[in-house]
Each structure stands twice: as structure tokens, then as C-alpha cells.
Amino acid sequence: MFAKKLRHFSNPMKIGLIYPSRSRKRTYTSSHPPLQHFFDTNPYIPSFFLPSLSLLTIAACTPKEHELRLIDERIEPIDFDAPFDIVGISIMTEQARRGYEIAEEFRKRGVFTVIGGIHASILANEAKKHCDSVVVGEGESSWPVLLKDFAQGAARPFYRSPEPFDLSLSPAPRYDLVDPNIYPFFPVQTTRGCPLDCSFCSATKIYGPVYRLKSIAQVLAELDALLKISINRKVVFNDDNMFLNRAQSCELFRAITPLRIKYFAESDVSIADDESLLRLMAKSGCVTVFVGFESLIAENLNAIQPKKWKLRFLEKYEAACAKIQEYGIQVLGAFILGFDHDDSAVFERTAEFVLKNHIFGQFHILTPFPGTRTRDELVAQGRLPNDDDNWDLYSCFDPVFTPKYMIKEDLSNGLLHIYESAYTKEAYEKRSRHMIQMFRNLRLKSTGNLPSF
Ligand code: B12
Ligand code: SF4
């Protein structure tokens, strides 16, 4: 207690910002040993090892006079005896149990502990049991208030922004705090919010349905800060759905073209209908686009959105992959397995789609994250206990509930089967040859009479 009191008044304060990890591995995590082994050893799976943009953003909202340290547990062990006054911990659901453990360790030593992030925002009372303060929702405005309150010995148990944060006030993330030799990619976020309302998505529970955008000048300033330290100019745009405002997207791509970055972006499939957008994306350095296909089964798509928006595109999925690739942009399709209309044939069907269309795939098991309609429905149907909190299993690579037409083991084995089929040496080489052909065609177009690229 004595130590805690002393630290209340240390000025400047020593602040640790921590990204928890269940294991010190840079790959995905599954409790199914064969799948984990596959993730750890397969050289062909694309992986995105990024510093936490949540914490880089919180760091940027910390008044400059304080001493800050960013700790990414995936790459370094935590020194629980470090002389911090405050530690801030960011948690997604998968990280919750470990995040709570870390908070408790620091609390035992008299350090003031704060938890934020999507899981803590949705289950704030649960998080509060393990720490001193919980920051609910976007932290840009609450964090500086919390620090002030703490310095005066008057920190509150919960902080929450009264309304969605005005993104035009968001400071450039503190990229300077991370070692560019460790991270191959750097994250930038240009928008928040999504109106599409998928039943399994928890992102909108924190950001809301209204699409908010940073200005072009802001994004350029962030890229400028990032490029001061990035070695290979590789950027991941961490937006859930980057292209919902096409006019702004086009303007942004024109503005970033001279920067010569290589980037990865996330979108829904509708971008394939907009060739002028695809052209600008390719010219501005987009190498891969992550597309939320979700499922190849109409009944599943029918069930996930009240407005059936994704269902309308199902018939165009194959043509969409081809169209995006035509512009030299690779597709990484996101698929979810374990919906109510999936049976054990779904794994082969999904693997075939990915191989046939020369795309990469990210395959997740349907996971009932807190706050989602998926979770509410499963609880109402008696298929998931309301208080299920085995958060280590919420990795998207572990079954949490039993799907209608399979047993849990089918899901784990089926997922392994898809990964093993999609990420062989042969599949890798076939994909590469296909993309080389796409680039050749592009060059032909730009030199011949075909519409120019
Ligand atoms: C980019 C991204 C990734 C990237 C990078 C993650 C990273 N290292 O930063 C990659 C591809 C690696 C990834 C992986 C995963 N992801 Co992800 N990811 C995202 C995405 C699209 C953006 C996250 C982001 O950078 N946001 C920008 C920052 C600035 O915003 P923020 O995180 O919301 O932080 C704000 C507040 O939450 C708060 N805050 C956050 N932390 C803290 C801490 C403190 C102390 C304070 C005060 C405040 C605070 O303040 C911040 C500023 O306002 C989100 C969707 C989303 N909209 O959040 C999904 C999302 C977070 N991911 C999700 C999932 C499920 C996963 C995986 C489990 C999936 C998987 N198996 O592949 C893994 C888990 C990886 C892990 N444990 O590290 C889910 C999480 C659901 C949940 N309830 O947990 C989301 C919400 C997607 C969704 N639609 O459901 N992800
Ligand atoms: S499109 Fe993506 S961000 Fe939007 S609601 Fe669906 S899963 Fe969430």
C-alpha cells in the first residue's frame, strides 16, 4: 500500500502500456495441438505481425511529460517489478484472461491498473474485478482525464466517452515508440464504424454503426510519422471496411500514391464492381485486400445481416476475386465456419473455392463474442451458457459451442483440413504463378491498345 501511495504522486509518472499474450509466439493461437503446430511451422500462411495500434494511439494521448513504455508480451516477458505508477492493458476477448492476470500481478505490487479495449468495453464490470479503472469505448478523450484524476488521487472506477470520438481530433499514433526491426508491418486506421451489422461482429459494439473518417491530411500526417521509422514501407490499414466512402477513398489513394508504400486493406466484396477504385488502389500500392466473404452458403449469409447486404454478392464471389486480381491485387478471403447451415462438407467446399480462385484464405470458427447477436441467439437457444467465460477459447480457432450439424471435433479437424489444403507448397506456387500472369496482363494493357492501367 505504501508503494501505491508514493507512486500516486510521482511526477512525471511512469506508465507501462501492455499488450498481453497467451504465448510468446508470433503466430495465431489454438488449443487444438495439431492446428497450433500447423500455425507454428507452416511457411506459406500470410501472417500480420503488428504493434498494437490501440496502445500506440493511447500513447499518443498521454501528455508528453510522462515516461512511457510499451510492452508487447508476444516479444518480451513482462517485468512485474518494474517501477510503474500506472499500467494500461489492452484486451480483445482472446487476451482477457491473460490481461486480468497481468493486472492482478501489478495490483499486488501497488501499481494502479487500467484495462481498456473491446472486451473491457463490452464487459466492463467483469474487467473491473481485476483492475482499478476500466476505460469503456474509445480511449482518446478518457485516458488523459484518468491520468489527471489519478495524479490527484481521485481516479474513478469507470471512464467512458459520452459519444463517439470525433476522429478529426485523433493524434498520430506514437510509431516512434516501437522497434521497426521487430515489426514487418505498421498499422494505420483511417475510419471507424460500420453500418452493415453482421451478427457475429463486435467491432460495431465499440465504434457504432456510423462511419467516421479521418481527413486526408490527418492520414498523410500519420503515414509521414510512420515512414520516419518504417524500414520497408509496409502498411496495414486497420479499418474494418476501408472503402465505404468511395469519393474519400479515391482522394486518399491519389494522395498516397507518391509515398510509394506497399499496403494491405480490408473491405467488403463490393469494391470489385468499381474499376476506377481498383485502379487507384493498385497504383497507390495496395498489394492485398482482405475481403469478408464470410460464407459460401446462401442460408448463412441470409441469416447474418438483417439487410441481407452480403447475400446479394454471393453469386459474384468468383468474378470479384478475378476482377480484383486483374489489377495486380491479391485477395485474402475471410471465411467463418460453424454457422447453422454448415455441415462437414463446408470445409472441402471452402478449400476448393480458395484454391480454384487462387486466393489466400483466413478461416475462422464462428465465435460468440460478448455483445454480439450470435451470442444472444445461442444463449437464448440454450446452446451456450450465459456466463461462459472461457475466454482463452475465443481465438476463432477453437470451437466454443456445438454447431447444428457437426460436433466440436469436426470443426477443429475441418479447420485443420482447410488450412492444410490451402497452404501447401504447390498451392503457394500456383497462386504465385497466377499473380505473375496478372501482372504480365497489366503490363500488356498499359503498353497496348487496351484500356490503360
Ligand atoms: C487490425 C486488427 C487485427 C490485426 C492487428 C491487431 C493488433 N495487433 O493490433 C490482426 C490481424 C493481427 C488481428 C488479429 C486478431 N483479431 Co483483430 N482486429 C483488428 C481490427 C480490424 C482493428 C483493431 C485496431 O487496430 N483498432 C484501432 C485502435 C486504435 O482501436 P481500438 O483497438 O478499438 O482501441 C481503442 C479503444 O478500444 C481503447 N483502448 C484499447 N485498448 C486500450 C487500453 C487502454 C489502457 C486504454 C485506456 C484504452 C484502450 O482506446 C483505443 C482508442 O480509442 C479490429 C476491429 C476493430 N474495429 O477494432 C479487429 C478485432 C479487434 N479483432 C478481432 C479478433 C477476433 C481477432 C483475432 C482473435 C482473430 C484471429 N484469430 O485472427 C486475432 C487476435 C490477435 C491477438 N490476440 O493479438 C475482433 C475482436 C473481437 C473481440 N471481442 O475480441 C475484432 C473486433 C474484429 C471483429 N469484427 O469482431 N486483428
Ligand atoms: S462488415 Fe465487417 S465491420 Fe461491418 S459489421 Fe460486418 S464484420 Fe463488422
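If you go through region 80-100 and keep only what is without any contact (Cβ under 8 Å) to a residue 60 or more places away in the chain and within 19 Å of Ala155 (Cβ to Cβ), you end up with just Tyr100.
Would you be able to tell me the number of residues in region 24-57 that are within 18 Å of Pro187 (Cβ to Cβ) and open to solvent by less than 40 Å² (accessible area, probe 1.4 Å)? The qualifying residues number 9. Considering only residues that are charged (D, E, K, R) and at pLDDT 90 or above, look in region 171-208 and name the one that is most open to solvent (accessible area, probe 1.4 Å). Per the criteria, the residue is Asp176.
Any chance region 142-150 includes a residue that's of a type in the set (Val, Ile, Thr), crowded, with 19+ Cβ neighbours inside 10 Å and within 11 Å of ligand 1 (Cβ to nearest atom)? No: zero hits.
Every test in (1) under 23 Å from Pro173 (Cα atoms); (2) aliphatic (A, V, I, L, M); (3) open to solvent by 40 Å² or more (accessible area, probe 1.4 Å) is passed by Val134 save one, and that test is (3). Taken over region 190-236, residues that are in contact (Cβ under 8 Å) with a residue 40 or more places away in the chain, in contact with a Gly (Cβ under 6 Å, 6 or more places away or on another chain) and either away from ligand 1 (no atom under 13 Å from the Cβ) or aromatic (Phe, Trp, Tyr) (or both) amount to 2.
Screening the candidates Glu104, Glu94, Glu126 for the property of being in a helix (DSSP H, G or I) and in contact with a His (Cβ under 7 Å, 6 or more places away or on another chain) yields one hit, Glu104. Of the helices (runs of 4 or more DSSP H) contained entirely in region 264-380, those carrying at least 1 residues that are more than 25 Å from Phe38 (Cα to Cα) fall at 275-283, 298-304, 317-326, 373-380.
Restricting attention to region 305-329, the residues being open to solvent by 20 Å² or more (accessible area, probe 1.4 Å) and away from ligand 1 (no atom under 16 Å from the Cβ) number 14. For region 135-165, filtered to residues that are charged (D, E, K, R) and within 21 Å of the chain's Cα centre (by Cα), the residue that is nearest to ligand 2 (Cβ to nearest atom) is Glu138. Summed over region 250-271, the residues that are closer than 30 Å to Asp340 by Cα and open to solvent by less than 30 Å² (accessible area, probe 1.4 Å) give a count of 6.
Beta carbons closer than 6 Å, at least 6 apart along the sequence or on distinct chains, pair a first residue in region 289-316 that is aromatic (Phe, Trp, Tyr) with a second that is in a loop (DSSP other than H, G, I, E, B) and within 15 Å of ligand 2 (Cβ to nearest atom) for Trp309/Leu196.
Pairs meeting the criteria (first residue in region 373-387 and more than 21 Å from Pro306 (Cβ to Cβ) and at pLDDT below 95, second residue surrounded by 15 or more Cβ atoms within 10 Å (Cβ to Cβ) and not basic (Lys, Arg), beta carbons under 7 Å, at least 6 apart or on different chains) are Asn386/Val379. For region 166-193, a residue qualifies if it is within 16 Å of ligand 2 (Cβ to nearest atom) and small (Gly, Ala, Ser), and exactly one does: Gly193.
Restricting attention to region 390-440, the residues that are part of a loop (DSSP other than H, G, I, E, B) and touching a residue at least 12 places away in the same chain (Cβ under 8 Å) add up to 15. Restricting attention to region 118-129, the residues that are without any contact (Cβ under 8 Å) to a residue 60 or more places away in the chain and either buried (at least 21 other Cβ atoms within 10 Å of the Cβ) or on the phi > 0 side of the Ramachandran plot (or both) total 2.
Scanning region 85-106 for residues that are in contact with a helix residue (DSSP H, G or I) (Cβ under 7 Å, 6 or more places away or on another chain), open to solvent by 10 Å² or more (accessible area, probe 1.4 Å) and over 10 Å from His119 (Cα atoms) returns a single hit, Arg97. Once region 272-304 is narrowed to residues that are farther than 20 Å from Arg431 by Cβ and β-branched (Val, Ile, Thr), the residue that is least open to solvent (accessible area, probe 1.4 Å) is Ile304. Within region 127-134, identify whether any single residue is out of contact with any helix residue (DSSP H, G or I) (no Cβ under 9 Å at 6 or more places or on another chain), more than 16 Å from ligand 2 (Cβ to nearest atom) and more than 28 Å from Thr190 (Cβ to Cβ), and answer yes or no. Scanning region 127-134, I find no residue that is out of contact with any helix residue (DSSP H, G or I) (no Cβ under 9 Å at 6 or more places or on another chain), more than 16 Å from ligand 2 (Cβ to nearest atom) and more than 28 Å from Thr190 (Cβ to Cβ), so the answer is no. Counting the residues of region 380-397 that are under 24 Å from Ala124 (Cα atoms) and open to solvent by less than 40 Å² (accessible area, probe 1.4 Å) gives 7.
The values are calculated or read from the model by the stated rules, or taken from the named source; none is laboratory data. If you're wondering where the values come from, they're calculated on a predicted model, not measured in any experiment. Neighbour counts are summed over all protein chains in view; Cβ atoms, including those assigned to glycine, are modelled from backbone coordinates with ideal geometry. Accessible surface is based on the protein model in full, side chains and every heavy atom, while ligands, DNA and RNA are left aside. Shrake-Rupley method; radii C 1.70, N 1.55, O 1.52, S 1.80 Å.
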